[in-house]
Amino acid sequence: MHNDVTIFSADHISCTFGSGKKIVRAVDDVSFSIASEEIVSLVGGSGCGKSVLAKVMLGLIQPQTGKFLYKGKTIENQIKHWREVQSVFQDPFSCFNQFFTIRSQLKDSFNVMEKKPSNKEMEDRVDQALLAVNIKPPEIEGKYPFELSGGQMQRMLLARIFILRPQVLIADEPTSMVDACVRANILDYLMKLKEELKMTIVFITHDIGLAYYVSDRLFIMHKGKIVEQGAPDDVTLSPKSEHTLQLLDDIPDIHKEWIKGRATSTVPA
Ligand SMILES: Nc1ncnc2c1ncn2[C@@H]1O[C@H](COP(=O)(O)OP(=O)(O)OP(=O)(O)O)[C@@H](O)[C@H]1O
Ligand SMILES: [Mg+2]
């Protein structure tokens, strides 16, 4: 159940890059709000502005126009913001330093906290987080990022989330580098995070089928705009925008079947 705290609210925000003829309207007059404990997916094709919107939520980019608030306030102190709002990005390798062991970097995650736990508690929490993403601690002992696969590294990013326990998670294509089986696991971990930590999650993907599976609400994006938003069943069963139809057309058959299965089971006989 969602409570009524508003986590993010965007009021006619726009983010542009460049100027003149070369101007890119990455986010173009977008308004929405996201409540605590909601899972909202931003879905859309490449370049439609999903990651830029994610960066606004993380306080990395300020919109040029409009008002963007986190819990009713503008984001002023990024470090403070990141204690509560964390991210998992497309490329896990860019989030870890190649020259330090993974374990030491997982432990470093505690540095953003105001009060670091004791060494013993940090070690325990790293172990618990690894187990939560199905990695036995000895598997990564003494290992560096380049010694792990892309999928394993994505799980390390999720492990970091289990360690930090942020209130809000922005997950930007966290399943892009993994095969179908690991993808299903990662989605399960995300659900686990939501259930156990009562997290608010913004999930970003090209795949409306995946989004359908994990979300309370979908925002369909196209060319910097949210062209449609609503509950997954409403958006997928009676799409109002041609861009939604296009995304539905593009999804893998297995997800189409799944949506169809759900659809018939929710329609009374
Ligand atoms: N720092 C930047 N400088 C200039 N243009 C940018 C910058 N960041 C993003 N853009 C442009 O803004 C638009 C939206 O980019 P964004 O990264 O949000 O796309 P996306 O929806 O995340 O795409 P993908 O699914 O491929 O990750 C693109 O046209 C991109 O080239
Ligand atoms: Mg992106």
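Taking amide H atoms as placed 1.01 Å from N in the peptide plane, list the residues 5 or more away in sequence, or in a different chain, whose amide H sits under 5 Å from that of Phe203.
Val40, Ser41, Leu42, Ala171
For region 51-63, take each phi angle, set θ = phi - 60°, evaluate the Karplus expression 6.51 cos²θ - 1.76 cosθ + 1.60, and give the result in whole Hz per residue in order, putting x for glycine and proline.
5, 5, 4, 4, 5, 5, 5, 8, x, 8, 10, 9, x
Going 7 Å from the Cα of Met191 toward and past its Cβ, which residues in region 198-224 have a backbone nitrogen under 11 Å from where you end up?
Only 213-215 pass the distance filter.
Using only helices, what value at 222 nm comes out for the chain when you add -39,500 (n - 2.57) per DSSP H run of length 4 or more and divide by the total residues, to the nearest 500 deg cm²/dmol?
Rounded to the nearest 500, it is -12000 deg cm²/dmol.
Taking 0.36 nm per residue of sequence separation and subtracting the Cα-Cα distance, how much length would be gained by fully extending the chain between Ser241 and Asp4, in nm to one decimal?
82.5 nm
Mind giving me the nanometre distance, one decimal, between the label points for Ser46 and Phe17, set 7 Å out from Cα along Cα→Cβ?
Modelled inter-label distance: 1.4 nm.
Which ³J(HN,Hα) values, rounded to whole Hz and listed in residue order, are derived for region 233-245 from phi using the Karplus coefficients 6.51, -1.76 and 1.60 in 6.51 cos²θ - 1.76 cosθ + 1.60 with θ = phi - 60°, glycine and proline given as x?
So the J values, rounded to whole Hz, are 4, 5, 5, 7, 8, 9, x, 9, 10, 4, 6, 5, 4.
Would you mind telling me the antiparallel percentage of the DSSP bridges in region 6-229, rounded to 5?
Antiparallel bridges make up about 50 percent of those DSSP assigns within region 6-229.
Quote the charge dipole size of region 24-183 about the Cα centre in Debye, to the nearest 20; the model charges only the Cβ of Lys and Arg (+1) and of Asp and Glu (-1).
360
Explain nothing, just compute: Karplus ³J(HN,Hα) = 6.51 cos²θ - 1.76 cosθ + 1.60, θ = phi - 60°, for every residue of region 19-29 in order, whole Hz, x for Gly and Pro.
Once θ is set to phi - 60°, the couplings for region 19-29 become 8, x, 5, 8, 5, 10, 8, 5, 10, 10, 6 Hz.
Determine Rg/Rh for region 6-229; Rg is computed over alpha-carbon atoms and Rh is the Kirkwood hydrodynamic estimate from the same atoms.
That ratio equals 0.97.
Bear in mind these aren't lab numbers, they're just calculated from the coordinates by the rules spelled out. Every value quoted in this text rests on a predicted model; they were computed, and no experiment measured them. In this analysis, Cβ positions are derived from the backbone assuming ideal geometry, glycine residues included, and neighbour counts consider all displayed protein chains.
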